[in-house]
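J.: I have a structure I would like to understand better, so I am pasting it below and will then ask my questions one at a time.
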Amino acid sequence: MRMLKRASACILRRGITTYQSRLCKNDSLFRVHPSVSQALAENKPVVALESTIITHGMPYPHNLSTAKEVEAIVRAEGATPATVGVIEGEVHVGLSSEVLDHLARCKSSLKVSRRDLPYVISKGLTGGTTVSATMIAAHRAGIPVFVTGGIGGVHRDGENSLDISADLTELGRTPIAVVSAGVKSILDIGRTLEFLETQGVCVATYGASNNFPAFFSPQSGFTSPYQVCNPEEAAKLIASILSLGLQSGVLLAVPIAEEHAATGQQIEEAIQAAVTEARAKGITGRDVTPFILQKVNELTEGKSLQANIALIHNNAKVGSQIACALSKQITERKLKEKTHHHGKHSDIVVIGGINVDFIAKGKTKTLHFGQTNPGSVCQSFGGVGRNIADSLSRLGSSLLFISATGADSHSEAVLNYCRHMNTSGVARLEEQSTATYCAVITESGELSLGLGDMDVHQQITEQYVAQFEKQLSSATLVCLDGNIPVSTINYVCSIAKKHNINVWYEPTDSKKACKPFLSDAWKSLSYSSPNLAELFTMNETLGIPTPEVLPSSLEELLGVAVDLSRPLLEHIHCLVVTLGASGVLVCGEHDAGSVNLQPRKQNRRRQLCAVHYPALTVTAEETMNVSGAGDSLAGALMAGILQRRDTDSCVRMGLLAARLSLASPHPIAPTLTLDSVDPNKVQTHWPKPSFMWIA
């Protein structure tokens, strides 16, 4: 058995590596700064900022000081700044002060728009992101508000030259709120607004007037279709667009501050003079904008630079206030939804552990015990039951989570983080400590040592859970994790048998996998998702012989997994056996060439089969967190089943969710959404699954 556990652990570690790498063929190109990632995970306001103003908009050191001032304004308003840039072929969302300084000094930086991203990344180059590229990165990171100076538009004579900024088409296909000072008057503002209308972009002026601003001037001679008066109105507009799922953005045009309007008017006059001169000299095409900007700087004796900085400062202030208002509204809405669902019918009831995790990762290949090792330590929130509930909530399932914590600061922190979930079933106990877990992992992501204080999970008793019998008896699915007491598992299984409820058992680890199998309670389970070691434990608890050593070939390994699943399928509807690097084996009732994952309505004689899904490969270097991949897989599978998706889609949703988890510092990726795990929307090469009969 010791040999078996060692081999199984090796396979599971290889499986962690396997899930991750295909994710990072895409996601390794995007690096989200820890401060930004943490703010997003906690549903706090974040403001995206572009970087072409640093690389191409101002000379050094004005560019650096302006960038730092803008970030400081964002922080002062209560939001987290996320300046976007491309650094040596990687898109960074949020820049450290050292990287910001490097970008400001770099003389070889490119101007990076949507068109340029593939080339710049493929060559490992550095550049400042334009409005369109920043929108792409912000949306990828889950940031809904982006502040810039002004957007590009339709150039004068654009109806002939077709010189139209990619900013406009990006606004038509990326759901981001862009806060800007409108469009510079060197462009054709009328045609720009017409083009935005064609792209389906909602345009609104921010403030007391609906005049559309022309960057340095509060008036352009055109009006916006709509107007919002304050941050709250702007936030409601953004929330409506995001809720509708239109996949198009919103442009919020902020007029220049009154105290700078006079200077702005002088600059506008200089612009008009420069435009006239350019026309007289026959300057056309791509040479027009550089000529006008140079001429305006000369005519205003540098005042245009100061006005530009003041304008950007004002946009940053307004945009941050809007981001804060949006964050508040989203939080209040989720709290309202949570209150509404309390005591109501839930599709799923999850009963299990909730932990505060401390992940210590070494910075050397070998960790030396008995001495201090260099590394990093971060806090996240875990627990198998909590992870599964988190995953299901982010994927749109209505659920009730039942657990227990202490009445301490750890409990406050984790429940605040989980406010998007219905945690009304979590008991806070005065005499107990919230469960904590500390994992020490190597540089490559392998677990070296784990320590846990999980005693509070024993307080998830049969008597406590019985308070929720009404919710249990009406749920479509009940999920149990192996952390809860045996008596509680037996009680829930008895309720399931009485009311014909489907129960999913997540074993948690090989020692706890035995719990339902110590009695006939296991016969009331509908689903279980063990790894190979846990499957061995289940069989051994029932007195069924198991091999002493695992086979080396995949074919023989699948044969062992099928043989060990067969006796459990006498009563369990479906088994999802995770095989690490070898993928996932789904075993159960045959239906149309696959396994029927949909909840069974009655017990009947079944023809059994198994389908093997190869794993998605990843590299160990790209693994950020190893503690939530299995729970993400299980949660997404359950979500797919409840949405009545076919078996292939359900399993692929699970594999994609696990991949996101491995790339995130959190067990369940904050970026997890239905779209992010929809096999029809995520471009991934899927190896063909293999089918086999179970005799």
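J.: Counting only residues that are of a type in the set (Ser, Thr, Tyr) and under 37 Å from the mean Cα position of the chain (by Cα), which one in the stretch 540-560 is most open to solvent (accessible area, probe 1.4 Å)?
T.: Taking the candidates together, the pick is 552.
J.: Restricting the stretch 29-62 to residues that are farther than 27 Å from residue 420 by Cβ, at pLDDT below 85 and not in a helix (DSSP H, G or I), which is least open to solvent (accessible area, probe 1.4 Å)?
T.: By that ranking, first place goes to 58.
J.: Turning to a different aspect of this structure: Only residues in the stretch 63-87 that are over 21 Å from residue 130 (Cβ atoms) count as the first member; pair them with residues that are at pLDDT 95 or above and among the charged types (D, E, K, R), Cβ under 8 angstrom, at least 6 apart or cross-chain, and list the lot.
T.: Qualifying pairs under 8 Å: 73/317; 77/317.
J.: If I filter the stretch 484-496 for residues that are open to solvent by less than 10 Å² (accessible area, probe 1.4 Å), among the hydroxyl-bearing types (Ser, Thr, Tyr) and touching a residue at least 40 places away in the same chain (Cβ under 8 Å), do I get at least one hit?
T.: Yes.
J.: Then there's this: Restricting the search to the stretch 560-593, which residues are at pLDDT 95 or above and among the hydroxyl-bearing types (Ser, Thr, Tyr)?
T.: Across the stretch 560-593, the qualifying residue is only 565.
J.: I'd like to know if the stretch 538-551 contains one or more residues that are within 17 Å of residue 481 (Cβ to Cβ) and modelled with pLDDT of 95 or more.
T.: Yes, the stretch 538-551 contains a residue that is within 17 Å of residue 481 (Cβ to Cβ) and modelled with pLDDT of 95 or more.
J.: Any idea which of (1) in a helix (DSSP H, G or I); (2) touching a strand residue (DSSP E or B) at 6+ places or on another chain (Cβ under 9 Å); (3) of a type outside the set (A, V, I, L, M); (4) at pLDDT below 95 is the one residue 71 doesn't satisfy?
T.: Looking at each condition in turn, residue 71 falls short on (4).
J.: Here is a follow-up. Considering only residues that are free of Cβ contacts under 8 Å to residues at least 12 places away in the same chain and either on the phi > 0 side of the Ramachandran plot or open to solvent by 80 Å² or more (accessible area, probe 1.4 Å) (or both), which ones fall in the stretch 294-319?
T.: 294, 298, 301, 302, listed by residue number.
J.: Return the pairs, sorted by first residue and then second, in which the second residue is assigned to a helix (DSSP H, G or I), the first residue lies in the stretch 228-249 and is free of Cβ contacts under 8 Å to residues at least 40 places away in the same chain, the beta carbons are less than 8 Å apart, and the residues are 6+ apart or on different chains.
T.: Final answer for the pair search is 228/234; 228/237.
J.: Continuing with this model, one more query. Please give the number of the condition residue 168 fails out of (1) touching a helix residue (DSSP H, G or I) at 6+ places or on another chain (Cβ under 8 Å); (2) of a type outside the set (Ser, Thr, Tyr); (3) over 13 Å from residue 251 (Cβ atoms).
T.: Every condition holds for residue 168 apart from (3).
J.: Strands (runs of 3 or more DSSP E) wholly in the stretch 153-251 with at least 2 residues that are open to solvent by 10 Å² or more (accessible area, probe 1.4 Å) and more than 26 Å from residue 293 (Cβ to Cβ) - which ones?
T.: 226-228
J.: Considering only the stretch 193-204, I want to know if a residue exists there that is among the aromatic types (Phe, Trp, Tyr) and over 33 Å from the mean Cα position of the chain (by Cα).
T.: No, every residue in the stretch 193-204 fails to be among the aromatic types (Phe, Trp, Tyr) and over 33 Å from the mean Cα position of the chain (by Cα).
J.: Mind checking which pairs have a first residue in the stretch 379-392 that is more than 10 Å from residue 628 (Cβ to Cβ) and in contact (Cβ under 8 Å) with a residue 12 or more places away in the chain and a second that is charged (D, E, K, R) and open to solvent by less than 10 Å² (accessible area, probe 1.4 Å), Cβ under 6 Å, 6 or more apart or different chains?
T.: Final answer for the pair search is 385/481.
J.: Further question on the same structure: Only one of (1) modelled with pLDDT of 75 or more; (2) out of contact with any strand residue (DSSP E or B) (no Cβ under 9 Å at 6 or more places or on another chain) fails for residue 304. Which number is that?
T.: (1)
J.: Residue 590 - would you say it is closer than 29 Å to residue 476 by Cα, open to solvent by less than 30 Å² (accessible area, probe 1.4 Å) and out of contact with any helix residue (DSSP H, G or I) (no Cβ under 9 Å at 6 or more places or on another chain)?
T.: It is false that residue 590 is closer than 29 Å to residue 476 by Cα, open to solvent by less than 30 Å² (accessible area, probe 1.4 Å) and out of contact with any helix residue (DSSP H, G or I) (no Cβ under 9 Å at 6 or more places or on another chain).
J.: Determine which single condition residue 78 fails, assuming it passes every other condition in (1) open to solvent by less than 40 Å² (accessible area, probe 1.4 Å); (2) in contact with a Pro (Cβ under 8 Å, 6 or more places away or on another chain).
T.: (1)
J.: Condition test on residue 528, is it crowded, with 23+ Cβ neighbours inside 10 Å, hydroxyl-bearing (Ser, Thr, Tyr) and either modelled with pLDDT of 95 or more or touching a Cys at 6+ places or on another chain (Cβ under 8 Å) (or both)?
T.: When the stated conditions are applied, residue 528 passes them.
J.: A follow-up question, please. Would you check if there is a residue in the stretch 91-105 being open to solvent by less than 20 Å² (accessible area, probe 1.4 Å), more than 22 Å from residue 205 (Cα to Cα) and assigned to a strand (DSSP E or B)?
T.: Looking for residues that are open to solvent by less than 20 Å² (accessible area, probe 1.4 Å), more than 22 Å from residue 205 (Cα to Cα) and assigned to a strand (DSSP E or B), one finds at least one in the stretch 91-105, hence yes.
J.: Residue 108 passes all but one of (1) without any contact (Cβ under 8 Å) to a residue 40 or more places away in the chain; (2) of a type outside the set (Lys, Arg); (3) within 23 Å of residue 274 (Cβ to Cβ); which number fails?
T.: With (1) without any contact (Cβ under 8 Å) to a residue 40 or more places away in the chain; (2) of a type outside the set (Lys, Arg); (3) within 23 Å of residue 274 (Cβ to Cβ) applied to residue 108, the lone miss is (3).
J.: In the list 370, 343, which residue meets the criterion of being at pLDDT below 90, open to solvent by less than 70 Å² (accessible area, probe 1.4 Å) and on the phi > 0 side of the Ramachandran plot?
T.: The conditions single out 343.
J.: Here are some conditions: (1) modelled with pLDDT of 80 or more; (2) assigned to a helix (DSSP H, G or I). Residue 337 meets all but one. Which one does it not meet?
T.: Unmet condition: (1).
J.: From 425, 396, 383, which residue is of a type outside the set (A, V, I, L, M, F, W, C), surrounded by 22 or more Cβ atoms within 10 Å (Cβ to Cβ) and within 20 Å of the chain's Cα centre (by Cα)?
T.: 383
J.: Among the residues of the stretch 651-683, write down those that are free of Cβ contacts under 8 Å to residues at least 24 places away in the same chain and either among the basic types (Lys, Arg) or crowded, with 24+ Cβ neighbours inside 10 Å (or both).
T.: Answer for the stretch 651-683, where residues must be free of Cβ contacts under 8 Å to residues at least 24 places away in the same chain and either among the basic types (Lys, Arg) or crowded, with 24+ Cβ neighbours inside 10 Å (or both): just 681.
J.: Now a separate question. Give all pairs with beta carbons closer than 6 Å in which a residue from the stretch 579-602 that is within 30 Å of residue 499 (Cα to Cα) meets a residue that is of a type in the set (Ser, Thr, Tyr) and crowded, with 18+ Cβ neighbours inside 10 Å; count only pairs at least 6 apart in sequence or on separate chains.
T.: Here the result reads 587/565; 594/647; 595/647; 597/647, each pair linking the stretch 579-602 to a residue that is of a type in the set (Ser, Thr, Tyr) and crowded, with 18+ Cβ neighbours inside 10 Å.
J.: Here are some conditions: (1) without any contact (Cβ under 8 Å) to a residue 40 or more places away in the chain; (2) out of contact with any Phe, Trp or Tyr (no Cβ under 6 Å at 6 or more places or on another chain). Residue 516 meets all but one. Which one does it not meet?
T.: Every listed condition holds for residue 516 apart from (2).
The values are calculated or read from the model by the stated rules, or taken from the named source; none is laboratory data. What you are looking at is a predicted structure, and each value in this text was computed from that prediction instead of being measured. Note: ideal-geometry Cβ built from the backbone for every residue, glycine included; neighbour counts use all protein chains shown. Only protein heavy atoms, including side chains, enter the accessible area calculation; ligands, DNA and RNA are left aside. Shrake-Rupley method; radii C 1.70, N 1.55, O 1.52, S 1.80 Å.
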